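S.K.: One structure is given below, represented as structure tokens, and several questions about it will come after.
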Amino acid sequence: MSHSLELRARQSLTLTPRLQQSVRLLQLSSLEFQQELRTALDTNPFLEYDASQTDDVALETSTSASTDAASGDESMQAEHAGASDTAVAEMNDAREASADSAQDARDDQANDFPGDPYSRSSSRNGTGSSGDGDADPAAWARVQPTLHEQLHGTLCLYRLDERDREAARLIVEALDDDGYLRQSFADLVTLVDFEPALSEDELLVALRLVQSFDRPGIAARSLSECLMLQIDALPEDTPARAVAREIVVHHLERLARREHAELQKQTGCDADTLRDACALVRKLDPKPGNCYGRTEDNYVVPDVIVRQIRNKWTVAVNPAVLPRARIHRMYAELFAQSAGASRSPLAQQLQEARWLIRNAQQRFDTIQRVAECIVAHQKAFFQYGEIALKPLVLRDVAEELDLHESTISRATGNKYMATPRGIFEFKHFFPRELGTESGGTCSAAAVRALLKEMIAAENVRDPLSDVTLAKMLADQGVLVARRTVAKYRHLMKVPPAEMRRQV
């Protein structure tokens, strides 16, 4: 066996570190990109926060207004450039004089009210009623307490021992936003360290206590229990109260399917009493926790803003998500003048800082190009709504922009567009294509819009079934199977025909 050496030339595609960073930044959402930028500002000494760009940008400012303001600023700058030094000095003297007089007025006011905590200065901060224009309107805003805050406040009014108070507090903390207790007692016992451990009987007593705190139905463990608690809180002379309680305890599914004949047979009541009982159940609140305030922390920040200016739809990047970072010029110049800068570990950080700035700009350029292409294809949507959405695929946008389809996929993932019709994800403008009887095509979003209109106009006593909806679509030239209609109806969160029927 002989050994030999052989050289071969081969070409292969590899992603450079800069290209890898560009791909990663493109697929991030606006919030993730801001977090990535803040991390780079904290770790890279060659990056600094760009304070020249204001964070509070009014989204309603039109492009034409911005152009007019820019031209006005230029004329004002030209006028100020021709002003004499004497005029500038006079303006500075007047500004200093006004500041001194304001300070004197504040000192006099402090002397007039030396120890009064309710002085006029407090009213200027928004806590008084002086009517000053600098009062903070947020100081007068009424904040609705959340469900947990309300129940904890009520719990403080009860004289309980340590174990009972902790058990009630545990029940309150375990409630979800709808006001339901979804966790079992066995899971709740393991969450607190008591000696001896809390028993399920103690938690049951605490649950009954919490259920009596505020709105009836709070701290229920199921929909049936929630409705039963609300019925029990009604006066005993309420018409059909007993029948309504029996329905929510034993026959709630039959009521949802509107099986009134079977309900009348099971409850043994007449038709009028059953009608009153069903009406009573429908008036109950299945989610009593929604009546309280909520601390919403999930926000959608649009990446681009679409406006109509002079009968033309324009796309602009949201100024609120633009990168607020730049190269620290002083540090970069000092580093360039140092000896052996190219071999220093800081050279890599400077290169990464430059890559980040360029890739961030390229990210927003790509997003804007993709958004402009979407608006150009779906122009009818902004005029007529969902029913005018056209079929569109990523390949069409990629071919028009001369980009790879994977790049378009990254540029449309987790990206949002603010339009006069609301905020939509980029993926919303890529509906699936469906065939028509005439050989043309229509989008799945348009079919859903048609179904929504048909269901909204139906007779509530005789609602349209999925088969009927499919036939009505076929009469309009849209060929859709019954299963497709059922799927679209489920996506729109519309119940079946038997559950939409009203007597």
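The values are calculated or read from the model by the stated rules, or taken from the named source; none is laboratory data. Remember, predicted model here, so these are calculated numbers, not experimental data. Quick reminder, even Gly has a Cβ in these numbers, built from the backbone with ideal geometry, and neighbours come from all protein chains shown.
Here's the yes/no breakdown for (1) in the same structural domain as Tyr158 (by TED's automatic domain parsing); (2) of a type in the set (S, T, N, Q); (3) under 32 Å from the mean Cα position of the chain (by Cα); (4) at positive phi:
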{"site": "Ala186", "(1), (2), (3), (4)": "yes, no, no, no"}
{"site": "Ile218", "(1), (2), (3), (4)": "no, no, yes, no"}
{"site": "Met228", "(1), (2), (3), (4)": "no, no, no, no"}
{"site": "Val248", "(1), (2), (3), (4)": "no, no, no, no"}
{"site": "Leu255", "(1), (2), (3), (4)": "no, no, no, no"}
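S.K.: OK, next. Does Leu223 satisfy being touching a residue at least 40 places away in the same chain (Cβ under 8 Å), of a type outside the set (Phe, Trp, Tyr) and touching a Gly at 6+ places or on another chain (Cβ under 9 Å)?
M.R.: Spelling it out, it is not the case that Leu223 is touching a residue at least 40 places away in the same chain (Cβ under 8 Å), of a type outside the set (Phe, Trp, Tyr) and touching a Gly at 6+ places or on another chain (Cβ under 9 Å).
S.K.: Take the stretch 17-47 and flag every residue that is charged (D, E, K, R) and at pLDDT 90 or above.
M.R.: Initially, the stretch 17-47 is screened for residues charged (D, E, K, R), giving 18, 24, 32, 36, 38, 42.
If the condition is that a residue be charged (D, E, K, R) and at pLDDT 90 or above, then Arg24, Glu32, Glu36, Arg38, Asp42 are the ones that fit.
S.K.: Considering every residue within the stretch 362-383, establish whether at least one is farther than 27 Å from Ile327 by Cβ and either assigned to a loop (DSSP other than H, G, I, E, B) or polar (S, T, N, Q) (or both).
M.R.: Going residue by residue through the stretch 362-383, those that are farther than 27 Å from Ile327 by Cβ are 370-383.
Now narrow it down to the ones that are either assigned to a loop (DSSP other than H, G, I, E, B) or polar (S, T, N, Q) (or both): 378, 383.
Scanning the stretch 362-383, I find at least one residue that is farther than 27 Å from Ile327 by Cβ and either assigned to a loop (DSSP other than H, G, I, E, B) or polar (S, T, N, Q) (or both), so the answer is yes.
S.K.: Looking at (1) surrounded by 12 or more Cβ atoms within 10 Å (Cβ to Cβ); (2) part of a helix (DSSP H, G or I), can you tell me which one Ala418 breaks?
M.R.: Every listed condition holds for Ala418 apart from (2).
S.K.: How many residues does the stretch 473-485 hold that are without any contact (Cβ under 8 Å) to a residue 40 or more places away in the chain, in contact with a helix residue (DSSP H, G or I) (Cβ under 6 Å, 6 or more places away or on another chain) and surrounded by 17 or more Cβ atoms within 10 Å (Cβ to Cβ)?
M.R.: 1
S.K.: In the stretch 390-429, which residues are within 17 Å of the chain's Cα centre (by Cα) and free of Cβ contacts under 8 Å to residues at least 40 places away in the same chain?
M.R.: Within the stretch 390-429, Gly422, Phe424, Glu425, Lys427, His428 qualify.
S.K.: Assess whether Tyr331 counts as being outside the structural domain of Val397 (by TED's automatic domain parsing) and either closer than 30 Å to Gln144 by Cα or of a type in the set (Phe, Trp, Tyr) (or both).
M.R.: no
S.K.: Regarding Glu236, is this residue within 20 Å of Arg221 (Cβ to Cβ), without any contact (Cβ under 8 Å) to a residue 12 or more places away in the chain and exposed (fewer than 13 other Cβ atoms within 10 Å of the Cβ)?
M.R.: no
S.K.: Given (1) surrounded by fewer than 13 Cβ atoms within 10 Å (Cβ to Cβ); (2) within 21 Å of Gln378 (Cα to Cα), identify the lone condition not met by Leu450.
M.R.: With (1) surrounded by fewer than 13 Cβ atoms within 10 Å (Cβ to Cβ); (2) within 21 Å of Gln378 (Cα to Cα) applied to Leu450, the lone miss is (1).
S.K.: Give Leu334, Leu350 a once-over and let me know the one that is surrounded by fewer than 17 Cβ atoms within 10 Å (Cβ to Cβ), part of a helix (DSSP H, G or I) and either small (Gly, Ala, Ser) or over 35 Å from the mean Cα position of the chain (by Cα) (or both).
M.R.: Numbers: Leu350 fails: surrounded by fewer than 17 Cβ atoms within 10 Å (Cβ to Cβ).
On inspection, the qualifying residue turns out to be Leu334.
S.K.: Looking at (1) closer than 16 Å to Lys287 by Cα; (2) of a type outside the set (Ser, Thr, Tyr); (3) not in a loop (DSSP other than H, G, I, E, B), can you tell me which one Asp178 breaks?
M.R.: For Asp178, the exception is condition (3).
S.K.: From the list Arg432, Arg461, Arg410, exactly one residue is surrounded by 19 or more Cβ atoms within 10 Å (Cβ to Cβ) and basic (Lys, Arg). Which is it?
M.R.: Arg410
S.K.: Based on this model, can you work out whether Arg275 counts as without any contact (Cβ under 8 Å) to a residue 12 or more places away in the chain, of a type outside the set (A, V, I, L, M) and surrounded by fewer than 20 Cβ atoms within 10 Å (Cβ to Cβ)?
M.R.: On the way: without any contact (Cβ under 8 Å) to a residue 12 or more places away in the chain: no; of a type outside the set (A, V, I, L, M): yes; surrounded by fewer than 20 Cβ atoms within 10 Å (Cβ to Cβ): yes.
In short, no.
S.K.: In the stretch 301-321, which residues are of a type outside the set (D, E, K, R) and either in contact with a His (Cβ under 9 Å, 6 or more places away or on another chain) or surrounded by fewer than 14 Cβ atoms within 10 Å (Cβ to Cβ) (or both)? Step through it out loud before you land on a result.
M.R.: First, the residues of the stretch 301-321 that are of a type outside the set (D, E, K, R): 301-302, 304-306, 308-309, 311, 313-321.
Listed by number, the residues that qualify are Gln308, Ile309, Asn311.
S.K.: OK, next. If a residue has to be modelled with pLDDT of 90 or more and assigned to a loop (DSSP other than H, G, I, E, B) to count, how many in the stretch 422-446 make the cut?
M.R.: 1
S.K.: Moving to a separate point now. Yes or no: the stretch 421-440 includes at least one residue that is charged (D, E, K, R) and either touching a Phe, Trp or Tyr at 6+ places or on another chain (Cβ under 9 Å) or at positive phi (or both).
M.R.: Taking every residue of the stretch 421-440 in turn, at least one turns out to be charged (D, E, K, R) and either touching a Phe, Trp or Tyr at 6+ places or on another chain (Cβ under 9 Å) or at positive phi (or both).
S.K.: Separate question: Taking the stretch 141-158 as the search range and keeping residues that are of a type in the set (A, V, I, L, M) and at pLDDT below 85, which one is farthest from the chain's Cα centre (by Cα)?
M.R.: Ala141
S.K.: Here's a check for you: in the stretch 1-52, which residue that is assigned to a helix (DSSP H, G or I) and in contact with a Phe, Trp or Tyr (Cβ under 7 Å, 6 or more places away or on another chain) is surrounded by the fewest Cβ atoms within 10 Å (Cβ to Cβ)?
M.R.: Per the criteria, the residue is Arg18.
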